[in-house]
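K.L.:
My structure is below; once you've seen it, I'll send some questions.
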Amino acid sequence: MVLRGTLLAVFSSFCYTASIIALRAVTDEGADWAAWVSCLKAVPTVVVSSMVVAWKSARGTAIWPSRRMICALLVSGTAMQLLGNVGFQWGLSLGGMALTVPLSQASLLISGAVLGVILIGERVSRRSAAAMTVLITAICLLSIDAESFARSVAGQGGGRLVLMTVTMGVFAGVGWGQSGVVIRQAAKTGISTAVTILLLSSTAIVVLGGGVLARRGGGWILEQTSPREFWISMVAGGFTTVAFFAITVALKHISIVRANLINASQIALTSLAGVLMFDEPMTRWMIVGTGLTIGGLLLMDRPRESGDATS
């Protein structure tokens with residue numbers, strides 16, 4: 001079961017990498033556009049999970065959570081969309097992949113580990129605590145070059161934009177980190193994977209899509225969304241759907257720390273893609289900070305896990 005969970009987490013990481021590359025191709029300025037792309041990206045996930053839930057319900061095999069867990073999943077999903085997905089998409093438009101991905105991954109591991117201890121009692125060893133110190137150092141070093149990335153990607157610099165660039169990357173990690181803890185908690189209670197994913201992803205349609213529609217109106221959406229951007233967002237959503245199912249099943253068998261550790265492979269892959277495909281700068285502190293991020297993730301304790309994945 002641990003091997004199965006590990007392989008699923010690896011597969012999920014590669015799918016998330018493909019999704020990030022697609023999302024980088026449809027970046028634009030502003031929170032509204034970031035929210036709309038995040039909404040579009042969620043459509044394939046909502047459609048597929050709805051079909052799976054309907055099929056399982058017809059067979060009588062769908063396991064639904066309690067009312068309390070439903071509320072927890074909806075609240076977590078809203079935070080995941082607003083902080084995680086919108087923050088990340090906005091961060092891509094400000095700092096590109098080579099900066100935003102390492103920042104978000106470091107923040108993800110730190111927040112996931114801390115919340116895992118607080119909410120579900122997962123263990124963090126001294127080695128893991130040391131790794132998180134390294135990751136915090138990496139975030140600080142990556143922030144040094146934030147203005148260079150902002151000028152390259154967004155076409156402008158300045159202290160306010162630098163702060164926004166770093167903040168979005170960190171917020172993204174926190175948003176994803178808290179959702180990982182709730183997914184892990186739901187998985188341990190035996191709730192159907194498709195039900196968990198449907199509840200989390202549907203918040204993107206309601207909160208993000210509904211919010212943009214209320215703020216901007218349908219005319220703005222039609223005007224801003226070209227066929228190319230729509231289909232690239234659908235491709236990103238397709239990869240995200242596969243990755244979401246894979247990581248949700250993986251969290252039934254492995255801990256949050258192990259799953260997030262495996263996700264570290266995205267850092268090297270997306271940083272390389274940012275430089276080669278989108279002409280993002282390769283700076284000294286970016287190389288050092290990314291190296292420290294990978295090193296900190298490798299330093300994380302990898303406990304021996306039993307079949308139920310408790311750590």
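The values are calculated or read from the model by the stated rules, or taken from the named source; none is laboratory data. Remember, predicted model here, so these are calculated numbers, not experimental data. Every residue, glycine as well, gets a Cβ built from its backbone with ideal geometry; the counts of neighbours run over all protein chains shown.
K.L.:
Report yes if some residue within segment 228-236 is crowded, with 22+ Cβ neighbours inside 10 Å, over 21 Å from G116 (Cα atoms) and not acidic (D, E); otherwise report no.
P.N.:
Taking every residue of segment 228-236 in turn, at least one turns out to be crowded, with 22+ Cβ neighbours inside 10 Å, over 21 Å from G116 (Cα atoms) and not acidic (D, E).
K.L.:
Check whether at least one residue in segment 165-178 is touching a Pro at 6+ places or on another chain (Cβ under 9 Å), at pLDDT 70 or above, outside any helix (DSSP H, G or I) and within 30 Å of A250 (Cα to Cα), and report yes or no.
P.N.:
The answer is no; no qualifying residue exists.
K.L.:
I've got another one for you. Residues of segment 191-214 being small (G, A, S) and either under 18 Å from the mean Cα position of the chain (by Cα) or in a helix (DSSP H, G or I) (or both), which ones?
P.N.:
A194, S201, S202, A204, G209, G210, G211, A214
K.L.:
Please go through (1) part of a loop (DSSP other than H, G, I, E, B); (2) modelled with pLDDT of 80 or more; (3) of a type outside the set (V, I, T) for Q156 and return the number of the only condition it doesn't satisfy.
P.N.:
For Q156, the failing item is (2).
K.L.:
I would also like to ask the following. What are the residues in segment 249-258 that are closer than 13 Å to T193 by Cβ and surrounded by fewer than 24 Cβ atoms within 10 Å (Cβ to Cβ), if any?
P.N.:
Result: V249, K252, H253.
K.L.:
Okay, moving on. Among the residues in segment 22-33, are any more than 19 Å from the chain's Cα centre (by Cα) and over 24 Å from V174 (Cα atoms)?
P.N.:
Within segment 22-33 (the criterion being more than 19 Å from the chain's Cα centre (by Cα) and over 24 Å from V174 (Cα atoms)), the answer is no, since none of the residues qualifies.
K.L.:
Checking P281 against (1) closer than 17 Å to G96 by Cα; (2) touching a residue at least 40 places away in the same chain (Cβ under 8 Å); (3) assigned to a helix (DSSP H, G or I): exactly one of these is not met. Which one?
P.N.:
P281 satisfies every listed condition except (3).
K.L.:
Take L115 and tell me if it is at pLDDT below 85, part of a helix (DSSP H, G or I) and either among the polar types (S, T, N, Q) or at negative phi (or both).
P.N.:
So L115 fits the description; yes.
K.L.:
Here is a further query. Which condition does I70 not pass, out of (1) farther than 30 Å from G291 by Cβ; (2) buried (at least 24 other Cβ atoms within 10 Å of the Cβ), if it passes all the others?
P.N.:
Looking at each condition in turn, I70 falls short on (2).
K.L.:
Residues in segment 55-92 that are among the β-branched types (V, I, T) and in a helix (DSSP H, G or I): how many?
P.N.:
Looking only at that region, the number is 4.
K.L.:
Another question about this same structure. Across segment 24-54, which residue is surrounded by the fewest Cβ atoms within 10 Å (Cβ to Cβ) among those that are β-branched (V, I, T) and not in a helix (DSSP H, G or I)?
P.N.:
Selected residue: T27.
K.L.:
Follow-up question, since we're still on this one. Report every pair of residues separated by at least 6 positions or lying on different chains whose Cβ atoms are under 7 Å apart, first residue within segment 161-190 and without any contact (Cβ under 8 Å) to a residue 40 or more places away in the chain and surrounded by 23 or more Cβ atoms within 10 Å (Cβ to Cβ), second of a type in the set (A, V, I, L, M, F, W, C) and outside any helix (DSSP H, G or I).
P.N.:
No pair meets every condition.
K.L.:
Regarding segment 272-292, can at least one residue be identified that is over 15 Å from Q105 (Cβ atoms), modelled with pLDDT of 75 or more and among the aromatic types (F, W, Y)?
P.N.:
yes
For every residue, the table says whether it meets (1) more than 16 Å from the chain's Cα centre (by Cα); (2) at pLDDT below 80; (3) closer than 21 Å to S201 by Cα; (4) assigned to a loop (DSSP other than H, G, I, E, B).
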position	(1), (2), (3), (4)
R216	yes, no, no, no
L222	yes, no, no, no
W231	yes, no, yes, no
M234	yes, no, yes, no
G238	no, no, yes, no
T241	no, no, yes, no
I254	yes, yes, no, yes
L261	no, yes, no, no
